[in-house]
1. Please report the net charge: other residues with Cβ closer than 12 Å to the Cβ of V135, K and R +1, D and E -1.
2. Calculate the spin-label point distance for K37 paired with V220, positioning each point 7 Å from the Cα along the beta-carbon direction, and give it in nanometres.
3. Using +1 on the beta carbon of Lys and Arg, -1 on that of Asp and Glu, and nothing else charged, what's the dipole of the stretch 2-228 about the Cα centre, debye to 20?
4. Considering the options N71, A131, G191, tell which one lies farthest towards the positive end of the dipole of the stretch 2-228, charges being +1 on Lys and Arg and -1 on Asp and Glu at the Cβ, about the Cα centre.
5. Return one number: the angle in degrees, 0 to 90 and rounded to the nearest 10, between the long axis of the Cα atoms of helix 161-173 and the longest principal axis of the Cα atoms of the chain.
6. Going through the cross-link list K4/K29; K201/K230; K136/K215, which pairs have a Cα-Cα distance over 32 Å in this structure?
7. Spin-label point model (7 Å from Cα, Cβ direction): what's the W74 to I202 distance in nm?
8. Please check: in the Gaussian network model of the chain (C-alpha springs, under 10 Å), which one of E79, E53, E125 has the largest mean-square fluctuation.
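Only the coordinates and a few stated rules stand behind these numbers; no lab work does. Values in this document were obtained by computation on a predicted structure and should not be read as measured data. Cβ: placed from backbone, ideal geometry, glycine included. Neighbour counts: every protein chain shown.
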Amino acid sequence: MLHKSFISNIEIYSDQWNKLRLGRLTSSKMSAIMGEKPFQTGAMSYLYQKAGESVTGQTLAEDEGPIEDENTVWGLQTEPEAINLFGKSRGLKYLVVQKLIFDPAGKSSSTPDALWIIDSSVIQEDCYNVATVEVKCPRKYHRFFPLYACDTPAKLKKGYSSYYWQVLDQMLSCNSSLGYFVCYHPLFPVGKNFRVIEFRKIDLWEDFKLLQQRKDSAIVKLNELILEFKK
């Protein structure tokens, strides 16, 4: 269940969005901490980056915010189409798009491309039961073909682990038992241009446990690094 207070109205890629993400682990980069062993080089580089953001209030990361090139413009144009197709495929009247999800007291954030609000909790009135949706629209054909070929979470994990862990962390951040990964290319024939992979938490329980453990450990390490410079 997703706490309603964790759903922000901050516009994606805005100054406020970038500022709030400073020093927080994000779903899009969660694969950095999911190496074969904890705290490998990639994980530590990511934690140093996030600790530096917390201390200085600035980011020097090249991948923060949208990079204005033809691939990003393509993605910004086609992702709404893919989200609309996903909604129609599930018979949904609406989806909540690009909401920054975060616990004000936490050290992480997530911005799923869409949220499917299934219903309000009958147990907790201040919570929603949601499913997350992540969309990828590779422009170049040599990137679309292999991504489209992934039709299960296991295949996505093997071929595109960063996308796999991104979906899992979005689900974790939203306390969701259901998530979706969507691959789309508008130039391909209808029926062969749109792929949906369903993620069910119950089927991926061991990876969810591992992700939670790694994330908890990473946040402890991150706080230690920050404390060193704030003594």
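1. Summing Lys/Arg as +1 and Asp/Glu as -1 gives -2.
2. According to this spin-label approximation, the distance is 1.8 nm.
3. 620
4. G191
5. Approximately 80 degrees, to the nearest ten.
6. Cα-Cα > 32 Å for K201/K230; rest within.
7. 3.9
8. Fluctuation is largest for E125.
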